Amino acid sequence: MMFCCESCCSFVLQVFGMELQAVLMAAGGGSRMMDLTYNTPKPLLPVGNRPLIWYPLNLLERVGFEEVIVITTKEVQKALSTDQRLKTDVKMRLDVVCIQEETDMGTADALRHIQQKIKTDILVVSCDLITDVALHEVVDLFRAHNATLSMLMSKVHEFTDTVPGQKGKKKAGEQRDFVGVDVTGKRLLFMANEADLEEGLVFRKSIMRKHPRMLIKTGLLDAHLYCLKRSVVDFLVHNKSVTSIRGELVPYLVRKQFSKFLNTKNATEDTEKNQKQQDAHHNLELLSTSKEEALLQLARERSCWNDHRGDMSEAYHGGKLRCYVHIMEEGMCYRVNTLAAYIEANRVVPKLFEDPPIHPTAVVTERSLVGSDSIIGPYCQISDKTSIKRSNVGTSSTIKEKVKITNSIIMNGVTIEEGCNIQGSVICNNAVIGRGADMKYCLVGSGQCIEPEAERTNEVIVGSDQLMEI
Amino acid sequence: MYVSIFFCSRPLIFCPTLHRSRWRKCAARVFGSREKTRRRPNAAEERNVCHVAAPLTPLSNMAGKAGKPSRPRKADKDEEEQPLQAVLVADSFNRRFFPITKDQPRALLPLANVSMIDYTLEFLTSTGVQETFVFCCWMASKIKEHLQKSKWCRPTSPNVVHVITSDLYRSLGDVLRDVDAKTLVRSDFLLVYGDVVSNIDISQALQEHKQRRSMDKNVSVMTMIFKESPPGHKTRCEDDDIIIAMDGKSKRILHYQRAQALKRLHFPMNIFHSGSDEFEIRFDLLDCHISICSPQVAELFTDNFDYQTKNDFVRGLLVNEEILGNQIHMHVTKDGYGARVSNLLMYDTVSSDTIRRWVYPITPEANFADLEGQSCTHSRHNVYRETGVSLGHGSQMEENVLIGRNTMIGANCTISNTVIGANCVIGDNVTLDRAYIWNRVHIADDVKVKQSVICDNVEVKHGVVLNEQCVLAYNVVVGPDITLPEGTVLSMHHPDEEDDEDDDEFLSDDNDVGYRKDKTKLKVFNPAEVGSEGKGYRWKTSSLEDTEEDELAECIWGEIDFRFSQFLTQSYKISFRNLGKQLTSLLNQFLYHGGKFYKSLLKKWAPVFKNYVKRPQDQLDCLASMEEVFLERETHWAALVKVLMSMYQLEILEEEGIMHWFNQGSTTDKSQQLRRNQGLLKFIQWLQEAEESSEEDE
């Protein structure tokens, strides 16, 4: 089932549409880049002059989804219905479900919230994912192994650029995620954060016996893209304590793969029923959902296929719950959840578009210099003797004479007066940069005015109200 | 592959001295492309041929190797390289093969009718080893005699074998310390046991090892060779289960543990801080017990006189990696064969693998050991027959059968998966399956044998049935008409007799554990055990599959005994500081083994401690070193009280000393925490009360 070429895609579309429902999680606040998201909700942040939410929508549309459930906030919903570009670009039917911002719902809560709408297995995508992954790789794992969970991971990117407002190098002591996969690199056996592993890694010998060669990888980025069995949603409905998919549900599923109780079926059920009534209840919930149809079982018995070699025991060692992961070896995968990732994504993404770097409605004088690695949004005005290199300029921005912009992100409606020098900075919506200002590695918040002749280096300039908030 | 064997095996029989070079040529023809990569064997071959033409004395042979002999085509940098050396330890330092090894050292036990040490030497020679040091201890003279008669000591041998014997070796550690003392090795060497059967091509691993050493001087000291064999594989036995964590890219070993007795496998976090982002945890490896060592290995054994086994060494090196900066790497082979005959189950497995030709080119019909009259024919279904075999009417050799010369087999026998030695007589209607029958064995009519070992000169009388995993050691007589239950071990040596006769230190490790009770028993053959005409004593049945518990205890006992005696021989010359170090390592061991044996061990050690812990200052020193140990292991703090209590009860420590230590101002937070431990507080309170009450009494 490996469809790589364009011609096959239509078939893939059809299949996807029937067997999977797409859920897009777009209600996150972007708490790790508050400076950016204070005025603009994360899904609407411009990346390569498109709102961030466009990227996952496009990803789903490319593989043929015709409908997607978007879980988001009121604010984003309004923008979704007004944004012209989104309207013209995205042909899928968007089933927008609003949740209240204040309630602080986790991703699992959100799934519980929409459980009525879920009829089949689901594909959950986060709104901050920008990737060119061949999505069928993930889904094929899900299909081929009748998996409970399959997910996407990629190599972590090293952000080399200087990030505004960040003092010194990023501290190396970041807590790493430890991901254990089997020898094929597909089966997900173990997942934990370094913070929870002070006592060291512990594996049961029985797990090692089933998977005698385990690769432990660190330095992987979880793309927050999950295929989940419908039964998992039912499980969530019964377990209200689980609030987050990544934080709780996925580790739970990974652990449960080797739970004896789940695999030995009814034998132990009676004896342990009394003591672990509650636990048993939960487990049964998962089991009933992952109960394979009799035909499938029969097919596996009759087949000589096996998922492992070495011993002669049955495929999957009789386990009913299986988690898989597709790890991208190459290609692009960003999660725009930090400022550094945001800057990096803006730098990389424009190269992927086929449309002209300068929007036809933009006014660019002939005597200015716009590098081919830059993009200029609609209704922009670029004046004489201005040079723009490796930068993105958003909609309706005005850039006056003799301005030099390198390695920067200019959002929408920004005005930059004459003679400015802007390098490695992010200028948010509707900001005004005064004449002759020199900005290096700065972040200028929405609607801020920078006084003329200012010289700023490595600063975060935001409104006073915003500072109070933080 | 098989075709080529047929092709080349025939001339070998007629021309035994040349067979090696012939075989190589054949092999080179078959594996044309491999010729370049295997330079060393080629060089060996040339020399071999040259020697046949004009035999040299061993001395000049050696000189020729070190200097620049007539090697016309290979005048490149290989010249500067030292000849590859190997250290072969022809002693197992354990008693897994008891009682068989009471009569014959393990290295000389026949495996497919060839002594095990010959397999090892053949392997070493074919990987290009030019000088081998064979270290023997138990029954050294027999090994020496065997080697002197073998082809390895002929002047034409490309591999010069030196036999070094000493009764004082008690472990691998002693051997390597001796290697260091005698400065035998000049550069990287191979370290193997005398019971390793292998056909692995080491050259790639050797090259990697050399490369690592040239890149980082003296950092990587050892490359261990592993064979891939997932759980459930035939060559795996529970005893040898190991779990390894390695760096995915550099193949460096980060963690090495024997997993036999463990339910949960624990990996400390610090091994993942090596800067790599890919690690592998492997449970699918079989330790071939072949390692490429640099000369530092011997030095390290000298520096750390408490290293006894390779396990000690590897673990010690990994734990102290940050301090010493030494690393161990690994090489995993997929298609080679390598296994150590470490117990009888492995003996069974390796034998059958040899017959099924997994160790090609080391096969029975190759007669690689070049023994006279040992040549045999190979026919369909892996049936091998040496000369002079006679087979009665209606007897069938089904598959995987090897029959030694001049053996006579009666009528209507069924034989499968079996090795029979030379000059055996087997009666009519005998069924043999997975039987390993050595030389000069007499088996009468109507005998059934399943998966058993029958040693030299055994007589099995009419109608005997041997169930699985029976062992009949040398000269035993069984029967008639008796059925031996599964796992019976019979020997002419009485299980108790080692108490009386064996003053040999090597054997005396666990005398006093179990046998004392029945010492008074009269030594008569029990007809219920061996049959009415039988001769032999029954041994504990557990010896085939050593239970984990026993093994663990045994290894501890062995070590402690050894250290104990070492201390006594050093006759009080050591300072207490040294003793403290001993105590530390001892304590570490208890904690490591779950503290099961600490009491008995302490009892054993008590006299030594008492001798040294005399002054109050000594007590403080002793307590300080104990504290040091426990501070490193927070999880074992509860055990501190137990150890203190036992030492108090054994009168090694006195209450004043303990109180003084407890009240002593502790410097670090952690040691203060240690003192606040619930159990410890209770103990101190109890001590105080005891003291007060004794004062009141006065």
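The table below gives the values:
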| quantity | calculated |
| --- | --- |
| Test: residue in the stretch A:142-161 that is more than 30 Å from residue A:462 (Cβ to Cβ), touching an Asp or Glu at 6+ places or on another chain (Cβ under 6 Å) and touching a residue at least 40 places away in the same chain (Cβ under 8 Å) | yes |
| Residue under evaluation residue B:230, criteria (1) within 7 Å of chain A (Cβ to nearest Cβ); (2) more than 22 Å from residue B:200 (Cα to Cα); (3) not β-branched (Val, Ile, Thr), criterion not met | (2) |
| Among (1) of a type in the set (Asp, Glu); (2) closer than 18 Å to residue A:364 by Cβ; (3) in contact with a Gly (Cβ under 7 Å, 6 or more places away or on another chain) - the single one residue A:453 does not satisfy | (2) |
| Strands (runs of 3 or more DSSP E) within the stretch B:189-281 that include 2 or more residues farther than 30 Å from residue B:364 by Cα | B:220-228, B:242-247, B:253-258, B:264-267 |
| Options B:160, B:114; residue that is under 20 Å from residue B:353 (Cα atoms), more than 18 Å from the chain's Cα centre (by Cα) and touching a residue at least 24 places away in the same chain (Cβ under 8 Å) | B:114 |
| Residue B:313 being away from chain A (no Cβ under 14 Å), in a loop (DSSP other than H, G, I, E, B) and hydrophobic (A, V, I, L, M, F, W, C) | no |
| Subset of the stretch A:149-161 [more than 14 Å from chain B (Cβ to nearest Cβ) and either out of contact with any helix residue (DSSP H, G or I) (no Cβ under 9 Å at 6 or more places or on another chain) or at pLDDT 85 or above (or both)] | A:149, A:150, A:151, A:152 |
| Flag for residue B:149 being surrounded by fewer than 23 Cβ atoms within 10 Å (Cβ to Cβ), under 17 Å from residue B:89 (Cβ atoms) and among the charged types (D, E, K, R) | no |
| Residues of the stretch B:247-260 that turn out to be crowded, with 18+ Cβ neighbours inside 10 Å, under 14 Å from residue A:205 (Cβ atoms) and more than 7 Å from chain A (Cβ to nearest Cβ), as a count | 1 |
| Residue list for the stretch B:266-305, filter: polar (S, T, N, Q) and either modelled with pLDDT of 90 or more or within 30 Å of residue B:179 (Cα to Cα) (or both) | B:291, B:294, B:296, B:302, B:304 |
| Single unsatisfied condition, residue A:200 versus (1) buried (at least 18 other Cβ atoms within 10 Å of the Cβ); (2) of a type outside the set (Ser, Thr, Tyr); (3) farther than 25 Å from residue A:333 by Cβ; (4) in contact with a strand residue (DSSP E or B) (Cβ under 9 Å, 6 or more places away or on another chain) | (1) |
| Answer from B:435, B:473 - the residue that is crowded, with 20+ Cβ neighbours inside 10 Å, of a type in the set (Gly, Ala, Ser) and in contact with a Cys (Cβ under 7 Å, 6 or more places away or on another chain) | B:473 |
| The stretch A:292-331, residues that are crowded, with 17+ Cβ neighbours inside 10 Å, away from every other protein chain (no Cβ under 14 Å) and at negative phi | A:319, A:320, A:321, A:322, A:323, A:324, A:325, A:326, A:328 |
| The listed residue being in contact with a His (Cβ under 8 Å, 6 or more places away or on another chain), over 24 Å from residue A:235 (Cβ atoms) and in the same structural domain as residue A:338 (by the TED database), out of A:47, A:76, A:63, A:97 | A:63 |
| Meets criteria (in the same structural domain as residue B:231 (by TED's automatic domain parsing), within 25 Å of the chain's Cα centre (by Cα) and among the acidic types (Asp, Glu)) for residue B:287 | yes |
| Candidate set from the stretch B:261-276 (those that are surrounded by fewer than 17 Cβ atoms within 10 Å (Cβ to Cβ), at the interface with another protein chain (Cβ under 7 Å from one of its Cβ atoms) and not aliphatic (A, V, I, L, M)); member that is farthest from residue A:208 (Cα to Cα) | B:268 |
| Members of the stretch B:335-368 found to be of a type in the set (Gly, Ala, Ser) and at pLDDT 90 or above, listed by number | B:338, B:339, B:351, B:352 |
| Matching residues, the stretch A:176-219, being among the aliphatic types (A, V, I, L, M), at the interface with chain B (Cβ under 8 Å from one of its Cβ atoms) and assigned to a strand (DSSP E or B) | A:201, A:202, A:214, A:215, A:216 |
| Members of the stretch B:231-246 found to be buried (at least 21 other Cβ atoms within 10 Å of the Cβ) and either touching a Gly at 6+ places or on another chain (Cβ under 9 Å) or aliphatic (A, V, I, L, M) (or both), listed by number | B:243, B:244, B:245, B:246 |
| Meets criteria (at pLDDT 70 or above and among the acidic types (Asp, Glu)) for residue B:696 | no |
| Identity of the residue in the stretch B:281-305, surrounded by fewer than 19 Cβ atoms within 10 Å (Cβ to Cβ) and over 19 Å from residue B:85 (Cα atoms), that ends up nearest to the other protein chains (Cβ to nearest Cβ) | B:304 |
| Meets criteria (more than 14 Å from chain B (Cβ to nearest Cβ) and surrounded by fewer than 16 Cβ atoms within 10 Å (Cβ to Cβ)) for residue A:146 | yes |
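The values are calculated or read from the model by the stated rules, or taken from the named source; none is laboratory data. The model shown is predicted, which means the values in this text are computed figures rather than measured ones. Don't worry about glycine lacking a Cβ; one is built from the backbone with ideal geometry, like all the others, and counts go over all protein chains shown.
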